[in-house]
Each structure stands twice: as structure tokens, then as C-alpha cells.
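I have placed the structure first, in the form of C-alpha cells, so that the comments after it can refer back to it.
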Amino acid sequence: MNSMLSFYRDHLQESLWPFWQRALDRTHGGIYTCFNNEGTELLSTDKFTWSQGRFVWILSRMARMCRQGLLDEKQLGWKADDMLEHAGKTVSFLAKHVFLDNGNCAYLLTESGEKKEFIPGQGYDLSFYADGFVVLGFAEYARAQNDSEALEQALKLYRSIEARLEAGSVRSEPYPVPDGFASQSFAMIMLNVAQELADALMAASHPAGPEIRERSKHYMNEIMDRFVHEDDLLTELLPLHESGRDTLLARQIAPGHSIECMWFVLQEARKLGRPELIEKAGRVIKKAFQIGWDGAYGGLYRYVDRDGGEPRGRQINDGYESLICDTWDMKIWWPHSEALYTFLLGHELTQDEQFQHMYEQMHQYVFRTFPHPDPLVGEWIQIRDRQGQPVQKVVALPVKDPYHIMRNVLLTIELLAARPS
């Protein structure tokens with residue numbers, strides 16, 4: 001256990017953090033993320049709100065962990081106060097520039113904060129996911145810095161998102177939901193946003209804490225009751241009509257997304273004392289790993305058919321179908337980092353040795369495939385083909401996002417440090 005803990009601390013301190021420390025915008029706040037896949041060239045200084053909110057979470061969580069003694073400021077070369085100073089600068093940058101007249105968040109900003117259209121003619125307000133990540137960042141910063149103003153901003157924005165969802169008026173680039181389908185991604189992101197916000201509110205003894213905890217419970221139940229089927233597969237797109245069940249969109253499964261979603265569920269079920277949901281989530285994780293693992297080359301496919309293999313089914317000429325068919329067998333960084341943490345958490349909560357075996361199999365694949373071979377560059381070469389070779393391709397936003405890898409490494413350090421030695 002101590003060797004695993006040292007491994008993840010070293011990986012954070014020697015490979016991940018040095019890369020992103022060099023990417024900070026120390027003038028305006030925020031971080032540059034528009035690198036090529038190898039991380040050797042900055043292609044643009046534009047700032048996607050999605051990534052800026054996420055990085056506020058990273059910096060704030062790292063600062064809290066330094067103060068708890070879980071991370072070493074000397075090894076990182078930065079003090080907790082320095083992390084919170086830059087996180088606060090980024091919060092101020094977003095608060096000043098990102099909000100539109102209707103209270104929603106712009107999807108894309110320039111380096112200095114001007115709003116910019118990502119899709120010409122489509123306006124600035126493209127995705128409620130971006131708003132959700134601002135909530136996550138502001139909530140974690142508020143918790144680390146004891147900043148009541150940032151907490152109130154997070155709560156106000158969260159309630160705005162819920163109102164838009166209730167009215168059916170949200171947009172969700174880069175993954176617009178096809179007509180005739182319900183997306184589990186909506187409930188999934190809202191579960192994570194609500195549980196993080198509830199934790200921050202309750203840490204501050206805010207009166208809205210219990211209310212938002214109930215919302216996280218609501219989204220957890222929606223995922224497990226509506227989108228998990230009897231075969232323990234988590235459906236990404238649920239057809240609203242019987243006629244849609246034979247489509248490729250309805251049949252496709254995203255194994256890594258399923259695994260990530262289930263650690264949200266595991267954490268919330270643990271907090272709420274729901275052992276039956278921990279058990280059910282464990283089955284979903286195992287099924288996603290079973291159906292998603294590439295037996296020939298290792299790693300997780302990005303998409304598979306619900307019966308395994310390449311996605312298939314009737315096509316309806318939707319753009320999302322093209323993404324699925326074009327990238328289904330690629331090996332993407334974020335599902336693999338999510339799986340590492342999820343398998344360890346599953347083992348922690350169930351003591352099921354199968355999770356430990358899954359973790360070991362995934363660990364071997366991940367750390368021989370993704371980390372950059374040049375230690376002077378560091379981080380991961382994030383986008384790979386089926387055989388594991390780097391590919392210059394955009395798979396969501398045109399960014400090299402720091403969130404998934406660093407978040408899961410931080411959560412893994414917290415998990416391992418809490419275990420008895």
C-alpha cells in the first residue's frame with residue numbers, strides 16, 4: 001500500500017504537476033490547454049470555460065491536500081497559498097468575463113477574457129456542461145479558501161442550471177442529444193456537480209446543504225433506476241419511443257463513461273448509507289470492464305455495441321453516430337484514469353478481490369501506454385489508436401485537459417492515505 005501511495009505521489013509531483021505548472025496564465029489567471037496531443041506545442045491561447053472551471057477544482061483540491069499533509073509542498077515546488085492564489089485569480093477571471101446577460105456561462109473565452117463563438121453563428125451559450133464545471137471549481141475553491149462569495153456564486157449558478165434542465169432549454173455541446181433520446185450524461189454530470197456542491201455547502205454549515213444533498217440523491221436514483229438495465233449495462237442514450245430501440249445510438253455503450261459514473265454513485269451511496277446501490281454499481285462496473293476491454297491490444301474501447309464489439313444498429317443520420325463510428329476503437333486517456341480510481345474505490349467499499357485484479361490489469365496497461373516517454377515534457381500523450389499509438393485528433397474539445405488524470409490521481413492518493421498501513 002505504501003508503495004502504491006508513493007507511486008501516485010511521485011507521478012503527480014514529477015510528471016503531471018510540472019507540465020501544468022508551466023501552462024498557467026500568470027497574467028490573466030486560468031490555464032492554457034490548447035496543446036497538441038504530445039504536449040509539445042501550444043496551438044492557441046483560447047480558454048474553454050469547461051477546462052478553466054475544472055482547473056480551479058484541481059488547484060483548490062491540491063491546496064487542501066497540502067494542508068492536510070497528503071501532499072508535500074516542497075516536492076511540488078508550490079505552497080498551498082500559491083495554489084489558492086492562482087485558483088482565486090482564475091475564479092475572479094471567470095466571474096468577470098464568463099457570465100452572459102442571462103446568467104449562463106460562455107463556452108469559450110480569449111486569453112484576456114473576451115467572449116468568443118466556438119461555432120460561428122451559434123452564439124456563446126453552447127453547453128450547460130461548462131456551467132457545471134464552473135460550479136465544481138467555485139465550490140471546491142470556496143471550501144479550500146472559506147470564501148462565502150464564491151460559494152454563493154456556485155449555488156446561484158447551480159440553481160440556474162436546474163431551472164434550464166427543468167425547462168428543457170439546455171444545450172450540450174460537444175455532445176448534443178439527438179431528438180427522441182434522453183441522455184444519462186445529464187443526470188451523471190448533475191450528480192457529480194450536486195454532490196460536490198453539497199459537500200462544500202455542508203462543510204460551511206450553509207442552510208442549503210441538505211437541499212442540494214437531496215438533489216444529488218435524486219440524480220443518483222435516476223441513473224440507477226432509469227438508465228441501468230437488467231443486464232447491468234448503463235445506457236448512454238435512452239430512446240423515448242419503442243421505434244428507436246434498434247438504432248446504433250440506443251445500442252452503443254461507453255464503457256469508460258459507465259465506469260466514471262459509477263464512482264460518483266459509489267461515493268454518494270456510501271454517504272447516504274445505501275449498500276444495495278454500492279452492490280449494484282459494482283455489477284455495472286464489472287460489466288462495463290468486461291464488455292469494454294480490448295482482448296487483443298489491451299485498454300478500453302471508447303464505444304461498443306451492447307452485445308460487444310463494434311457498435312451496430314440502424315442509423316438515423318445524426319452527427320453523434322459519426323463520432324461513435326469514427327472513434328469507437330480508440331484508446332482515450334480519461335476513461336483509463338477514471339477506471340484506476342474506480343476499481344480501487346470498488347475494492348475499498350466491497351472487499352471484492354475482482355476489483356483488485358481489474359485494477360492491476362488496468363494499471364499495467366495505462367502506465368505502459370499513456371505517460372509521455374520524455375520526462376522533460378511529462379504528462380500523458382492522451383489520445384491513442386487501438387494499438388496504443390499517438391493520434392493527432394480532436395475527440396471532444398480541442399484541448400489537452402488536465403482534469404481527469406490529476407483528479408483521479410488526487411482522489412487515489414486520498415483513498416490510499418486513508419487505508420490502514
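The values are calculated or read from the model by the stated rules, or taken from the named source; none is laboratory data. Because the structure is a prediction, the values reported are computed rather than measured. Every residue, glycine among them, receives a Cβ derived from its backbone with ideal geometry; neighbour counts consider all protein chains shown. With ligands, DNA and RNA removed, areas are computed over all heavy atoms of the protein, side chains included. Shrake-Rupley method; radii C 1.70, N 1.55, O 1.52, S 1.80 Å.
Some points to look at:
- Residues of segment 174-193 classified as open to solvent by 40 Å² or more (accessible area, probe 1.4 Å) and either of a type in the set (Ser, Thr, Tyr) or in contact with a helix residue (DSSP H, G or I) (Cβ under 9 Å, 6 or more places away or on another chain) (or both), total: 4
- Index of the failed condition, Ala163 passing every other in (1) more than 21 Å from His404 (Cβ to Cβ); (2) surrounded by fewer than 17 Cβ atoms within 10 Å (Cβ to Cβ); (3) touching a Ser or Thr at 6+ places or on another chain (Cβ under 9 Å); (4) touching a residue at least 12 places away in the same chain (Cβ under 8 Å): (4)
- Meets criteria (farther than 21 Å from Asp147 by Cβ and open to solvent by 10 Å² or more (accessible area, probe 1.4 Å)) for Asp199: no
- The residues of segment 214-239 that are surrounded by 24 or more Cβ atoms within 10 Å (Cβ to Cβ) and touching a strand residue (DSSP E or B) at 6+ places or on another chain (Cβ under 7 Å), listed by number, are Leu234, Glu236, Leu237.
- Of all residue pairs spaced 6 or more apart or on separate chains, those with beta-carbon atoms under 7 Å, a first member in segment 50-75 that is over 17 Å from Pro402 (Cβ atoms) and modelled with pLDDT of 95 or more and a second member that is surrounded by fewer than 24 Cβ atoms within 10 Å (Cβ to Cβ) and small (Gly, Ala, Ser) are Cys66/Ala80; Arg67/Ala80; Leu70/Ala417; Glu73/Ala80.
- Hey, Glu211 in a helix (DSSP H, G or I), open to solvent by 50 Å² or more (accessible area, probe 1.4 Å) and within 30 Å of Asp246 (Cα to Cα) or not: no
- Members of segment 263-307 that are of a type in the set (Phe, Trp, Tyr), surrounded by fewer than 20 Cβ atoms within 10 Å (Cβ to Cβ) and in a helix (DSSP H, G or I): none
- Scanning segment 66-92 for residues that are of a type in the set (D, E, K, R), out of contact with any helix residue (DSSP H, G or I) (no Cβ under 8 Å at 6 or more places or on another chain) and under 16 Å from Tyr141 (Cβ atoms) turns up Asp82, Glu85, Lys89.
- Some residue of segment 329-341 being more than 23 Å from Trp263 (Cβ to Cβ) and crowded, with 17+ Cβ neighbours inside 10 Å: yes
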